[in-house]
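One structure is given here, and the rest of the page talks about it.
The values are calculated or read from the model by the stated rules, or taken from the named source; none is laboratory data. Nothing here was measured: the structure is a model prediction, and the numbers come from that model. We place every Cβ from the backbone using ideal geometry, glycine too, and count neighbours over all the protein chains shown.
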Amino acid sequence: MYAFPLLKKYGMKATIFVVTSWLGEGATRRQWDPRNQGSLPEIPRHREAKERVAAGDLSVAVNWEESRTMEASGLVDIQSHTHLHRDYFLPGERTPKLDPAKRELLAEDLARSKELIEERLGKRCRYLAWPWGKYDGEALALARNSGFEAMVTTEKGVNSPGSDVEAIKRVVAKSGDEGWFSKRLTIYSNRAVGQIYSRIAGKI
């Protein structure tokens, strides 16, 4: 793990949205040491990681013990990215529309992810990040009924006091130099500037 040691070093906080069926058992594994960069753990690319999980190899994902360790630090908040990370929406629609035949499957998926996080980590699971950013009004109702209080989307933009907590927007993080990241921090640190930039640019 790379990020957690850096969070501890700089005293920063983060939220991790986990697919609960991807979390296995096991001890906390070796972490990257910012002071000794010669010993780095394996971090496969996103596509490879998903393929390995699908084949039953959960070693590429965080496990429950590591989740408990990070939660105990007070720096990391584990929340839901559903249990199975499946697509319950009708294909070919311009905007997501929940497949009526899969309504109960989605309801079970949401409830199971929340239940596991609360049971295994001894905490409240309050937030949900939609897989691929897909949701509609009916899916939102199911999430509410499961007890989720806020939902994260893939919609690009800025959040501010008064923003819809059921449609939290995101600033996309890209690979780039320090200058790119510094500029984005400056833009989005100012509420008005960030909102204007999001509307004009249409992308981050």
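Kindly state which helices (runs of 4 or more DSSP H) lie completely within segment 1-91 and contain at least 3 residues that are crowded, with 16+ Cβ neighbours inside 10 Å.
Per the criteria, 46-54, 64-72.
List every residue pair whose Cβ atoms lie under 6 Å apart, where the two residues are 6 or more positions apart in sequence or sit on different chains, the first residue falls within segment 1-19 and is in the same structural domain as LYS114 (by TED's automatic domain parsing) and farther than 19 Å from GLU42 by Cα, and the second residue, located anywhere, is polar (S, T, N, Q) and modelled with pLDDT of 95 or more.
As it stands, the answer is THR15/GLN79; PHE17/GLN79, since those pairs meet every condition given.
Does LEU142 fit the bill of being within 15 Å of the chain's Cα centre (by Cα) and either under 30 Å from ARG29 (Cα atoms) or modelled with pLDDT of 95 or more (or both)?
No; evaluated as a whole, the condition is false for this residue.
Filter segment 92-102 for residues that are surrounded by 14 or more Cβ atoms within 10 Å (Cβ to Cβ) and charged (D, E, K, R); which is nearest to GLY147 (Cα to Cα)?
Only one residue tops the list, namely LYS102.
For segment 128-169, name all the residues that are under 12 Å from GLN79 (Cα atoms) and out of contact with any Asp or Glu (no Cβ under 7 Å at 6 or more places or on another chain).
Listed by number, the residues that qualify are LEU128, ALA129, TRP130, PHE148, GLU149, VAL152.
Tell me which of these TYR188 doesn't satisfy, since it passes every other one: (1) assigned by TED's automatic domain parsing to the domain that holds LYS50; (2) crowded, with 18+ Cβ neighbours inside 10 Å; (3) under 26 Å from LYS13 (Cα atoms); (4) of a type outside the set (A, V, I, L, M, F, W, C).
For TYR188, the exception is condition (1).
Please find, within segment 113-129, the residue that is surrounded by the fewest Cβ atoms within 10 Å (Cβ to Cβ) out of those that are touching a helix residue (DSSP H, G or I) at 6+ places or on another chain (Cβ under 7 Å) and under 18 Å from TRP22 (Cβ atoms).
Among residues in segment 113-129 that are touching a helix residue (DSSP H, G or I) at 6+ places or on another chain (Cβ under 7 Å) and under 18 Å from TRP22 (Cβ atoms), the one surrounded by the fewest Cβ atoms within 10 Å (Cβ to Cβ) is ARG120.
Could you say which residue among ARG45, ARG35, ARG52, ARG29 is assigned by TED's automatic domain parsing to the domain that holds TYR127, at pLDDT 90 or above, on the phi < 0 side of the Ramachandran plot and basic (Lys, Arg)?
From the options ARG45, ARG35, ARG52, ARG29, the qualifying one is ARG52.
Given (1) surrounded by 12 or more Cβ atoms within 10 Å (Cβ to Cβ); (2) in a helix (DSSP H, G or I), identify the lone condition not met by TRP132.
Going through the list (1) surrounded by 12 or more Cβ atoms within 10 Å (Cβ to Cβ); (2) in a helix (DSSP H, G or I), TRP132 breaks only (1).
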